[in-house]
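> Structure provided below as C-alpha cells; questions to follow.
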Amino acid sequence: MTHDHDLVLRPTDAQTTAALNPPAGRNGGDLVVETLAGLGATTVFGLPGQHALGMFDALRRSDLRYVGLRVENNAGFAADAYGRVTGEAAPLLLSTGPGALTSLAALQEAAAASAPVLAISSQVPTAGLGGGRHGYLHELPDQAASFRGVVKSVHTVRTQSQIPSAIAAAWKSALTAPHGPVWVEIPQDVLLAPTALPGVTALDATPEELVPRPELTALAAHVLSRAERPAIIAGGGVVRADAAGKLRALAEKLDAPVVTTFGGKGAFPWTHPLSLQSWLEDRHTTDFLEDADVLLVVGSGLGELSSNYHTFAPRGRVVQIEADLGKLESNHPALGIHADARLALQALLETVEERTDPTAPERVRDVLAAVAARIDSQRLTLEQEVLASVRRALPAGSPSFWDMTILAYWAWSAFDAHAPNLMHSAQGAGGLGYGFPAALGAAAADPTRPVLAVSGDGGALYSVAELATARQYGLDVTWLIVDDGGYGILREYMTDAFGQATATELTRPDYVALAESFGVPGVRTTPDTLEEDLAGALATPGPSVVVLPAQLRMFAPTHLGSD
C-alpha cells in the first residue's frame, strides 16, 4: 500500500545546509530570477521601472541574460518571437501601470498566435492592492483586470513565499497546449524586502499533454479512409506541435491535398505534389476546399483569414483537431477533437486506412494554375518580383518576421517558408510594429543564423527606437523597410471603398540616415538591386537596414465577389 508520505522527496544534507544558510543580500527579486532559472529560462526581455527594480537588481546576481528593449510593447513582441522560435516560455519583465499596459498589444498578438510569453510585472505596494485609492505612482484600481481578457491566466502574488509557486504555475499554463501568454504581478514591497528564504530548487512545471479521445480519432479515421475527395487545412497548431512530419505522412497515406493557413506556413512542403500552398484568399482554393467530401482541419479555428473572410462554406463533413477548446466548431459544424495536433495526427496515422487517388496531384496543379492565371491577369509583376527577390536573398534556414504591410500580405499567400517555424507575422491580432522587434527576439534565441524583418514605413515608425537595441546587443537582424510614404494597405482599402484615402499619408525620415545615426549600416535599394543588397546585408554579421522606396499593390480579393 502506498501512502502520500512515501512520495515526499527528502532533502539531502547539502540541501539542508544550503537552506539553513541562504546567501546574504537577496531580496524578493532574487526569488523571481532563481525560479526562472530553475524552470530552465536562460534569457529574459523587458524594461525596468521604479516598482520593478527589485527584479532587475536581482538579475545582476543571476546567470540570466537580459535583453532590454526601448518600448514595453516591443519587448513583448521580442519575447513572443523567442517563444515561437524556441517553444520555451519567454520571460518578459515589466513595471507597473503604464509600463504594464504598454505591453497589452503584444500580449494580444501572443494570445492570438499561441506564443508562450511569461509576463512578470511589478505592482504597487501590497497595501494598494484591492482597489483602494492610496495615490501610489502608477496605481490602478485593478491592474490584473486589464489583462484577464488577453492572457491565458493571471497570478497575483502577495508574499515572498508565493513567488516560486505562482511563477511555476504560470510557466505550466503558458506551455500547456494551446500555448499562450500569462500574467504574474508582484508588489513592489515584496520584491524589495530582504528574504531569508533559501534559494529556489526542485521546481516542477511540466505542461499537461492534451491527448485526443480515442473514440473520436477512431471515427475520424473511419470517415477519412472512406472519403472520395478528402482535403486538409493545416494551421499554426501543426507548427507549434512540431507535427509537420506526421501531417505529411497522413496526407500521403490518404492522397489528400493540403493547404496551409498563414499561421501554418511551412507545415507542408511548398512544392509537394499534394500542396495547394497558402492561397486561402483565392476563390479557386476556396471552391476546391468546399468540394471536399471530408475536410480535415488541423490546428486552425477557420477564422477570418483562413476562411477567405468567412465566405468559405464547406459542403462535406468537417473533422477539426484543435487545442483551443473555444475554437472547436466556432465557425463550422464539425467532428471536433480537442487535442494537441501532434498527438491527434499520430492517432490518425495509426488507425486510418491507406487510400490512393491518382487524380489528386492533377487537381492540385489545376487549382494552382488557375490561381496563377488570375494573379498574372492583374499585371502585378513588380510585387511578384520583389517577393521573389526576398526569397532568393534569404538563406534557406533563416527565419523571417513580417509586419502588417502589403508585402507581408503577399507573403502570406505566395511566400515559400521552406520549413516549419521559419515565417512569422502579426496576422494573429493584426497590430503594427511587430516585424523588427520580433526579429530581434529571434536573433537573441539563435545567433547562429541571420534573421529578416520586413516592415512598411508606417510599421517601421512603431519600432525605430529598437535600432538602439539591435546595435547595443549586436543582433544579426536585417530590416527591410518598404517605403511608400504612408499606410499603404489602408490607402488602398480606403481608395477602393470611398474613392480617396484619408489620414494615410506620412511624413517620414530618411531611414538610411536614421539607421546610420544609431551606428547601423543602411542602404537604399531598388527593385532591380534588392536581391543583391538584401543578400549582402544578410551575409554581414550584425544589424542592418535596407530601404526599398516602392508603392506596391495588393492582388484583387475574391471574397467580395470578383474573380
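> Testing the spin-label approximation: label points 7 Å from Cα along Cα→Cβ at residue 61 and residue 490. State their distance in nm.
Computed distance between label sites residue 61 and residue 490 equals 4.7 nm.
> So, one more: Under a 1.4 Å probe, what is the accessible area of the stretch 48-91 per residue, stated in Å²?
34 Å²
> Which percent, to the nearest 5, of DSSP beta bridges fully inside the chain are antiparallel?
Antiparallel bridges: around 5 percent, rounded to the nearest 5.
> How far apart, in nanometres, would the label points at residue 362 and residue 529 be if each is projected 7 angstrom from Cα along the Cα-to-Cβ direction?
In this crude label model, residue 362 to residue 529 measures out at 5.0 nm.
> What value does the stretch 55-167 have for Rg/Rh, both radii from Cα atoms and Rh as Kirkwood defines it?
0.95
> How about residue 253: which lysines have a C-alpha closer than 22 Å to its C-alpha, ignoring those fewer than 8 places off in the same chain?
Candidates past the 8-residue exclusion: 265.
> Given H placed on each backbone N at 1.01 Å, which residues far from residue 423 in sequence or on other chains put an amide H within less than 5 Å of it?
For residue 423, whose amide H was placed from the backbone, the distant partners under 5 Å are 400.
> Enumerate the amide H contacts of residue 93 below 5 Å, restricted to partners 5 or more residues apart or on another chain; note that Pro and chain-start residues carry no placed amide H.
Under 5 Å from the amide H of residue 93: 45, 46, 47, 120.
> Using only Cα atoms, find the angle between the long axis of helix 163-175 and the longest principal axis of the chain, and express it within 0 to 90 degrees, rounded to the nearest 10.
The two axes meet at around 10 degrees.
> Amide H of residue 336: which non-local residues (sequence gap of 5 or more, or other chain) have their own amide H closer than 5 Å, using H built in the peptide plane?
320
> Per residue, how much accessible area does the stretch 342-407 show when a 1.4 Å probe rolls over the protein heavy atoms, in square angstrom? Before the final figure, lay out each step's value.
Details: 2960 Å² over 66 residues.
I get 45 Å² per residue for the stretch 342-407.
> On to the next question. Evaluate the distance, in nm, between pseudo-label points positioned 7 Å from the Cα of residue 159 and of residue 507 along their respective Cα→Cβ axes.
5.8 nm
> Okay, next question. Tally up the carbon and sulfur contribution to the accessible surface of the stretch 411-563 as a whole percent, 1.4 Å probe, everything protein left in place.
Values: 3250 of 6100 Å².
Result for the stretch 411-563: 53 percent of the exposed heavy-atom area is carbon or sulfur.
> Hey, another quick one. Over the stretch 216-304, what percent of the accessible surface lies on carbon and sulfur atoms, probe 1.4 Å?
Summing carbon and sulfur atoms, their accessible area is 47 percent of the total for the stretch 216-304.
> Under the 0.36 nm per residue contour assumption, what length would be gained going from the current alpha-carbon distance of residue 497 and residue 148 to full extension?
122.1 nm
> Taking a probe of 1.4 Å, how large is the accessible area per residue of the stretch 427-563, in Å²?
42 Å²
> Let me ask something else about it. Quick check on the stretch 121-186: take the gyration tensor over C-alpha atoms, sort the square-rooted eigenvalues as a ≥ b ≥ c, and tell me if it's rounded (a/c under 1.5), prolate or oblate.
Since a/c reaches 1.5 but b/c is at least a/b, the shape of the stretch 121-186 is classed as oblate.
> Give the Rg (one decimal place) followed by the Dmax (whole number) of the stretch 186-236, computed from C-alpha coordinates and expressed in Å.
24.6, 69
> Step through the residues of the stretch 364-377 one at a time and calculate ³J(HN,Hα) from phi using the Karplus curve (6.51 cos²θ - 1.76 cosθ + 1.60, θ = phi - 60°), rounding each to whole Hz and writing x for Gly and Pro.
Residue by residue, the stretch 364-377 yields 5, 4, 5, 5, 5, 5, 5, 4, 4, 5, 5, 5, 4, 5 Hz.
> Could you size up the charge dipole of the chain around its Cα centre, putting +1 on the beta carbon of Lys and Arg and -1 on that of Asp and Glu, and report it in debye to the nearest 20?
For this selection, approximately 660 debye.
> So if each residue of separation counts as 0.36 nm, and I subtract the Cα-Cα distance between residue 189 and residue 310, what length gain in nm does that give?
Residue separation times 0.36 nm, minus the Cα-Cα distance, leaves 38.6 nm.
> Oh, and also: Output ³J(HN,Hα) for the stretch 235-250: one whole-Hz value per residue in order, computed from phi by the Karplus curve 6.51 cos²θ - 1.76 cosθ + 1.60 with θ = phi - 60°, and x for Gly and Pro.
Whole-Hz 3J(HN,Hα) from phi for the stretch 235-250: x, x, x, 5, 5, 5, 8, 6, 10, 4, x, 5, 4, 4, 4, 5.
> Express in whole angstrom the spacing between the alpha-carbon centres of the stretch 450-523 and the stretch 251-323.
Between the Cα centres of the stretch 450-523 and the stretch 251-323 lies a distance of 32 Å.
> Taking only Cα atoms, what is the 0 to 90° angle, nearest 10, from helix 28-39's long axis to the longest principal axis of the chain?
50 degrees
> Related question: Roughly how tilted is helix 104-113, in degrees to the nearest 10 and between 0 and 90, from the longest Cα axis of the chain?
50 degrees
> Convert each backbone phi in the stretch 532-545 into a coupling constant with the Karplus relation 6.51 cos²θ - 1.76 cosθ + 1.60 (shift: θ = phi - 60°), then list the ³J(HN,Hα) values in order as whole Hz, x for Gly and Pro.
5, 5, 5, 4, x, 5, 5, 7, 9, x, x, x, 7, 10
> Hey, any idea what % of the stretch 50-195's accessible area is carbon plus sulfur with a 1.4 Å probe?
The nonpolar share, carbon plus sulfur, comes to 53 percent.
The values are calculated or read from the model by the stated rules, or taken from the named source; none is laboratory data. Keep in mind that what you see is a predicted model, and the values were worked out from it rather than measured. When we count neighbours, we look across all protein chains shown, and the Cβ atoms used for this are built from the backbone with ideal geometry, even at glycine. The protein model used for the area step is the full one, side chains on, heavy atoms only, and it has no ligands, DNA or RNA in it. Shrake-Rupley method; radii C 1.70, N 1.55, O 1.52, S 1.80 Å.
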